[in-house]
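Asks: Structure provided below as structure tokens; questions to follow.
The values are calculated or read from the model by the stated rules, or taken from the named source; none is laboratory data. Since the structure is predicted, the reported quantities are computational estimates derived from the model, not experimental observations. Heads up, the Cβs are rebuilt from the backbone with ideal geometry, glycines too, and the neighbour counts pull from every protein chain shown.
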Amino acid sequence: MNASIITVRDFRKRYGGLTAVDGISFDVAPGEIFGLLGPNGAGKTTTLECLEGLRAPDAGTLRVAGIDPTHDRRALRSVIGVQLQSSGMPESITPDEAMRLFCAYHGVAPRHDLLDRLGLAGKRRAQFHELSAGQQRRLALALAVAHSPRVLFLDEPTAGLDVQTRVELHALMRELKGDGTTIILATHDMAEAEEMADRVAILMQGRIVTIGTPIQITATGAGLTKISIQTANGSLLANGHPLPAVAQQTTRDSYAIYYSSDIGRTVNALLEAVNAAADPLIDLRVERPSLEDRFLELTDARSGNGR
């Protein structure tokens, strides 16, 4: 990994008797999209707020582009962009006015094109309180990236957004990454994290339970691979054919579905069975466990439940 642009070492944060973050450590490389995943109360937002200089850690070391967020907030503001879950903008301000104000603060030209791109072309002169919740979030996103920050913090960025705006946001994130921007993405959307993040850290009860690329994390679980097969004559639909490494099997529509711990053995046996029955193969699909599957597995392990 390249020299880290974000460093977190033994970070702890308490609120009274509640430990929100309990000694976590991680590094983020320049230009990386790094996902923070976890259930409500896991410590994601607290971690972001301390990295953004909004709260002070109780213990540990935090650095963003070499800056201590607690003691050098002025320098920090010049290198980060922040999209929060809620906005504190004046109710009467318009998106055009907000864009001019934020860009003037950072000393850059207004980026009204971002308002248009994120679906606010027809709302640029509407007052903030007249915007829907989704439109307010789009405005917050536009303001967060208008000054081309080195590090961008996104907290549930696609919550409340329509499909087209989500697509635009993801395209914008890829462009920013291509330009070298580092993005910290806190989200409940596992599919979004699996698609967008280079690496993810899963937090539970204030601790990191696993960290790595989405593929690494899904590969280390006990999750079974789903194999779906459709044949012309449905010879496998009787559900009585024993197959190696299959823990569970079912049928759906015209597909026989198997959950396998060894896809090589299972697929070979399936093809042999189909050939022996002279049943032409129509479709064969192999789907590895998703990040959401692995997340649920870890959640159940921590709570003591089985799946």
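Each row is one residue, and each column tells you yes or no for (1) under 19 Å from HIS147 (Cβ atoms); (2) at pLDDT 90 or above.
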site	(1), (2)
GLU52	yes, yes
ALA59	no, yes
HIS71	no, yes
ARG74	yes, no
GLY81	yes, yes
ASP116	yes, yes
GLY122	no, yes
LEU131	no, yes
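Asks: Another question about this same structure. Looking at GLY134, is it touching an Asp or Glu at 6+ places or on another chain (Cβ under 7 Å) and either in a helix (DSSP H, G or I) or without any contact (Cβ under 8 Å) to a residue 24 or more places away in the chain (or both)?
Replies: Answer is yes for this residue.
Asks: Would you mind stating whether VAL79 is in contact (Cβ under 8 Å) with a residue 60 or more places away in the chain, assigned by TED's automatic domain parsing to the domain that holds LEU120 and surrounded by fewer than 18 Cβ atoms within 10 Å (Cβ to Cβ)?
Replies: So VAL79 passes the test.
Asks: Next question. Out of the range 64-119, which residues are assigned to a loop (DSSP other than H, G, I, E, B) and among the basic types (Lys, Arg)?
Replies: Once the filter is applied, which keeps residues that are assigned to a loop (DSSP other than H, G, I, E, B) and among the basic types (Lys, Arg), the range 64-119 yields only ARG111.
Asks: Turning to a different aspect of this structure: Are any of the residues in the range 235-243 over 30 Å from LEU18 (Cα atoms), assigned to a loop (DSSP other than H, G, I, E, B), at pLDDT below 90 and of a type in the set (S, T, N, Q)?
Replies: Yes; the residues of the range 235-243 include at least one that is over 30 Å from LEU18 (Cα atoms), assigned to a loop (DSSP other than H, G, I, E, B), at pLDDT below 90 and of a type in the set (S, T, N, Q).
Asks: Evaluate the range 9-25: report whether one residue or more is on the phi > 0 side of the Ramachandran plot and either among the aliphatic types (A, V, I, L, M) or in a strand (DSSP E or B) (or both).
Replies: Checking the range 9-25: at least one residue is on the phi > 0 side of the Ramachandran plot and either among the aliphatic types (A, V, I, L, M) or in a strand (DSSP E or B) (or both).
Asks: In addition: Kindly list the number of the only condition in (1) in contact with a helix residue (DSSP H, G or I) (Cβ under 6 Å, 6 or more places away or on another chain); (2) on the phi > 0 side of the Ramachandran plot that fails for PRO95.
Replies: Going through (1) in contact with a helix residue (DSSP H, G or I) (Cβ under 6 Å, 6 or more places away or on another chain); (2) on the phi > 0 side of the Ramachandran plot one by one, PRO95 breaks only (2).
Asks: Identify the residue in the range 44-63 that is assigned to a loop (DSSP other than H, G, I, E, B) and at negative phi and, among all such residues, is surrounded by the fewest Cβ atoms within 10 Å (Cβ to Cβ).
Replies: Ranking the qualifying residues of the range 44-63, first place goes to ALA56.
Asks: Would you be able to say whether some residue in the range 253-274 is part of a helix (DSSP H, G or I), among the basic types (Lys, Arg) and either without any contact (Cβ under 8 Å) to a residue 24 or more places away in the chain or more than 30 Å from VAL200 (Cβ to Cβ) (or both)?
Replies: In the first step, residues of the range 253-274 are kept if they are part of a helix (DSSP H, G or I); the result is 263-274.
Remaining after also requiring among the basic types (Lys, Arg): 265.
In the following step, the residues that additionally are either without any contact (Cβ under 8 Å) to a residue 24 or more places away in the chain or more than 30 Å from VAL200 (Cβ to Cβ) (or both) were identified as 265.
The answer is yes, given that some residue of the range 253-274 is part of a helix (DSSP H, G or I), among the basic types (Lys, Arg) and either without any contact (Cβ under 8 Å) to a residue 24 or more places away in the chain or more than 30 Å from VAL200 (Cβ to Cβ) (or both).
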